[in-house]
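First comes the structure, then the notes that go with it.
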Amino acid sequence: MTIPTDGDETWAAYLAATRDIIARLVDDPEVSIAPDAHLLDDVGLDSFGVLVFITELEDRFGVLLPAGEEEPVLSTIYRHVVREVGA
């Protein structure tokens, strides 16, 4: 899957992908996530879950995200995805 690189479509594609991955990781198909959700505090992933999430997001969009993201917040990760896709 490739992510479109124009504004709202990019954000929508990213949120759809993150929701799919998170729903599977937390075993809740109805999970609701906020755009500024913190993967540890708000979503409830542990450190291994964050690693799996990042790896699946990299695979899905064909990008390499920076290691050791201090704040695993969805909006911050999104900026990295867009930067990598546009590179």
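Check whether at least one residue in region 65-73 is surrounded by 11 or more Cβ atoms within 10 Å (Cβ to Cβ), touching an Asp or Glu at 6+ places or on another chain (Cβ under 7 Å) and modelled with pLDDT under 85, and report yes or no.
Checking region 65-73: at least one residue is surrounded by 11 or more Cβ atoms within 10 Å (Cβ to Cβ), touching an Asp or Glu at 6+ places or on another chain (Cβ under 7 Å) and modelled with pLDDT under 85.
When the residues of region 35-51 are filtered to those that are in contact (Cβ under 8 Å) with a residue 12 or more places away in the chain and closer than 16 Å to LEU15 by Cα, which remaining residue is surrounded by the most Cβ atoms within 10 Å (Cβ to Cβ)?
LEU39
With respect to THR76, is the statement that it is closer than 20 Å to THR10 by Cβ, without any contact (Cβ under 8 Å) to a residue 60 or more places away in the chain and among the hydroxyl-bearing types (Ser, Thr, Tyr) true?
Yes.
Tell me whether region 52-62 contains one or more residues that are surrounded by 18 or more Cβ atoms within 10 Å (Cβ to Cβ), out of contact with any helix residue (DSSP H, G or I) (no Cβ under 6 Å at 6 or more places or on another chain), β-branched (Val, Ile, Thr) and free of Cβ contacts under 8 Å to residues at least 40 places away in the same chain.
yes
Any idea which of (1) at negative phi; (2) surrounded by fewer than 16 Cβ atoms within 10 Å (Cβ to Cβ); (3) at pLDDT 90 or above is the one ASP27 doesn't satisfy?
Just one mismatch for ASP27, condition (1).
The values are calculated or read from the model by the stated rules, or taken from the named source; none is laboratory data. Keep in mind that this is a model prediction, so the values were computed, not measured. Note: ideal-geometry Cβ built from the backbone for every residue, glycine included; neighbour counts use all protein chains shown.
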